[in-house]
């Protein structure tokens, strides 16, 4: 009985102590609670009149700030509109002046839409009115004069190639021949047409191709082509002259696309036999251009014979150690040197799946990183092969024989008339894709280096 009473007493005392602890804790929390100014500002109706005034002042301040910002934006928009209107007016004035001078087509609509027939007629009429055939042009010097080409039904005589380099183009290139023959046919159609189509030329017989004597033609780059045709008349002293003009049309957009050359690797194939010193100079330029600047190349060296092969390997090994560039392939052939054979072996040695871009190069060629970019941009698989025109230097020992010391290599590479000539008749250096080279074929018996 006593034990039960003692346990009940202990329980009651513990409950009372717990209740007192809770009350003390609650009083402590209420006493230590921080004052929230934000709640007073956000709830003005829960406070006094002073809180409402502060809230209204804050709203007024924010409203003034927003109004000031809106006024600033409005002023900036007005300034931009004024500047845009001024630039638009300047552009329109420039286009109008260009139209008058004939520098630009009549408007730029042809870049955005297909010109209508009336637009083309108006443009062609303006081209004819501005051409030199109708209005004389004051030239700054004799070098600005465009020479005429003389042509017959069999040949074309031109001055652009120079008198010392066979000015007679015979046989005439097909597209050129088609152009001139088509012009003569048009002239015959005009001469043999109704009277009001002959420019009041009185004729007594029907003109034929045998009556055509000769013609003059030249092309104004920004206007069109002019043709002056001479035909036999009714007597040996009479001739009929007909002037035709083929105007150039406005510029029209054909396509617009992004060309990404990031993943296009160039396999440079170099056939080689001896000439180790020249090969060292080639590798020096290769390290600077291909390894340090470009980095997207592979070098394939096809070496003929066994003499000096160890020196070639040493040059490649040294390059690998110093630059950590390992994209080399060295192929040795125990045969007599043949450039065509070397290019064929080098192209077929590429065993990777991708259709790689090939650059057929000689060991004495010096090129830059810009050339590698041109190689990538101008070659297209199945469509286009790139043949760069090389500048061939004379022997430096002859060019600089009057100088005590030879100039530096960079100074020697400056293109001047006295130091070399453009080799426009050579097609040994080329950029083309491997698939095109394999499919089209090659000449394996080219032996020069």
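The values are calculated or read from the model by the stated rules, or taken from the named source; none is laboratory data. What you see is a predicted model; the values in this text were computed from it and never measured. FYI the Cβ positions are ideal-geometry reconstructions off the backbone, even for glycines, and counts take in every protein chain you see.
General remarks:
- Some residue of the stretch 347-364 being within 18 Å of residue 271 (Cα to Cα) and either surrounded by fewer than 13 Cβ atoms within 10 Å (Cβ to Cβ) or free of Cβ contacts under 8 Å to residues at least 60 places away in the same chain (or both): yes
- Residues of the stretch 141-164 classified as at pLDDT below 70 and under 32 Å from the mean Cα position of the chain (by Cα), total: 3
- Qualifying residue in the stretch 276-299 (condition: part of a strand (DSSP E or B), over 22 Å from the mean Cα position of the chain (by Cα), assigned by TED's automatic domain parsing to the domain that holds residue 343 and without any contact (Cβ under 8 Å) to a residue 40 or more places away in the chain): yes
- Counting residues in the stretch 237-254 that are at pLDDT below 80, more than 26 Å from residue 126 (Cα to Cα) and surrounded by 11 or more Cβ atoms within 10 Å (Cβ to Cβ) gives zero.
- Condition met for residue 242 (touching a helix residue (DSSP H, G or I) at 6+ places or on another chain (Cβ under 6 Å), over 30 Å from residue 365 (Cα atoms) and touching a residue at least 40 places away in the same chain (Cβ under 8 Å)): yes
- Qualifying residue in the stretch 165-188 (condition: touching a strand residue (DSSP E or B) at 6+ places or on another chain (Cβ under 7 Å) and at pLDDT below 60): no
- Restricting attention to the stretch 242-266, the residues that are part of a strand (DSSP E or B) and farther than 30 Å from residue 118 by Cα total 1.
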